[in-house]
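Read-outs: derived from the displayed coordinates by stated rules, not from any lab. Every value quoted in this text rests on a predicted model; they were computed, and no experiment measured them. Cβ placement follows ideal geometry from the backbone for every residue including glycine, while neighbour counts extend to all protein chains displayed.
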Amino acid sequence: MVEQSGSVELIEQDLADLKDRVAQLTQDGEQAPSAIPALSLYRKSGPTEPVGGLYEPSICMVLQGAKRVMLGRDVYVYDAQRYLITSTHLPTDFQIIEASPQRPYLGLKLVLDLREVSQLMVDSRLPAPRSRKSGRGMAIGVTTAPLIQSFVRLLSLLDAPQDLPILAPLIQREITYRLLVGDQGMRLRHIASMGSQSHQIARSIEWLKEHFRQPLRIESLSRQFDMSPSTFHNHFRAMTAMSPLQYQKWLRLHEARRLMLAEDQDASTAAFNVGYESPSQFSREYSRLFGAPPLRDIVRLRNLPA
């Protein structure tokens, strides 16, 4: 059951409405362009293999089917009764685990603006979390009727484009509020609370995303965000399930893969462009992450069905 109140039938009705809207909007492809920039809609007609990707601060909902996300050794499975919330940029592997042509996977993602989260905490007088301890930047929450209804109204605006500029930001703000006061809202509050260690780690992640090609010096980076190296390392791992060096390596290798696949760069050039000085080290670490050396992996990817 989604929640313990007597509104189960109403929730199921709202879920069915939301599912039908996503099904209609994605009937021409696996991902539908949306007039709301932060909103993405998805369809898949069968299970998929695990794929690596960087989850951004967002809420992800499944309306039909099920999905699995792996963050380090942590596994998150969610369906129509549960949503996935991510409070910072996290490297993951994810896959659709329940879908068929008759009952395709249907889902949506709404990117969260952490500045809006901070402002909403102030405007709503929501208390900052008392604990300074960092936790994972990803969690599963229980889907509630108000949250579903907010998304129904948001998707309804796609039929009234003249109303989007005024009403879409208001409904997105309502969704953010529902998350802040929901069962996983404390994770967002940790990230959005200025001066908290979680907020500092989130800022360091943003820095790493922009500067992953540069050599990583933990002492300098931890000092930049007002922590000792050991405290920084511990809080970073608590939030991301990996060390800062592993995070940087993940970013480098995925960018190198993109450069080889999309821009036809050779392995040595791609390795140099993402910050590697040793092609042999790049090849070893690439093989460890993707299961094959660069050339063989790119050939395999190019031979996959579109």
In whole Hz and in residue order, list the ³J(HN,Hα) couplings for segment 44-51 that follow from phi through the Karplus curve 6.51 cos²θ - 1.76 cosθ + 1.60, θ = phi - 60°; x for Gly and Pro.
8, 8, x, x, 10, 6, x, 10
If every Lys and Arg gets +1 and every Asp and Glu gets -1 at its Cβ, then about the Cα centre segment 201-294 yields a dipole, in debye to the nearest 20, of 280
Which one, 188, 80, 158, is farthest towards the positive end of the dipole of the chain when Lys and Arg carry +1 and Asp and Glu -1 on their Cβ?
188
For segment 99-191, shape from the Cα gyration tensor axes a ≥ b ≥ c, cut at a/c of 1.5 then a/b versus b/c, turns out oblate
The chain, helix-only ellipticity at 222 nm - DSSP H runs n ≥ 4, -39,500 (n - 2.57), divided by all residues, nearest 500:
-15000 deg cm²/dmol
Table column - 3J(HN,Hα) (Hz), segment 217-224, Karplus curve with 6.51, -1.76, 1.60, x for Gly and Pro:
10, 4, 4, 5, 5, 5, 5, 4
Using a Cα distance threshold of under 24 Å, what count of lysine pairs results for the chain when pairs must be 8 or more residues apart or interchain?
9
For a footprinting-style exposure proxy, rank 86, 92 by other Cβ within 10 Å, fewest first.
92, 86
Please identify, among 112, 251, 170, the residue showing maximal mean-square fluctuation in a Gaussian network model of the chain using a 10 angstrom Cα cutoff.
170
For the chain, calculate the relative contact order in percent as a whole number, restricting contacts to Cα pairs under 8 Å that are 6 or more residues apart.
16
With +1 at each Lys and Arg Cβ and -1 at each Asp and Glu Cβ, the charge dipole magnitude of segment 8-192 around its Cα centre, to the nearest 20 debye, comes out at 840
Taking only Cα atoms and a 10 Å spring cutoff, compute GNM fluctuations for the chain and point out the largest among 17, 264, 93.
264
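Net charge within 14 Å of residue 17 by Cβ-Cβ distance, Lys/Arg positive one each and Asp/Glu negative one each, not counting residue 17 itself?
Net of charged neighbours comes to -2.
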Specify whether the C-alpha gyration tensor of segment 37-98 places it in the rounded, prolate or oblate class, a ≥ b ≥ c being the square roots of the eigenvalues: rounded for a/c under 1.5, otherwise prolate if a/b is larger than b/c and oblate if not.
rounded
Checking 278, 228, 118 against a Gaussian network model of the chain (alpha-carbon springs below 10 Å), the top fluctuating residue turns out to be 278
For segment 246-303: relative contact order, % (alpha-carbon pairs under 8 angstrom, 6 or more apart):
29
For the chain, with +1 on Lys and Arg beta carbons and -1 on Asp and Glu, the positive-most of 27, 270, 147 along the dipole
270
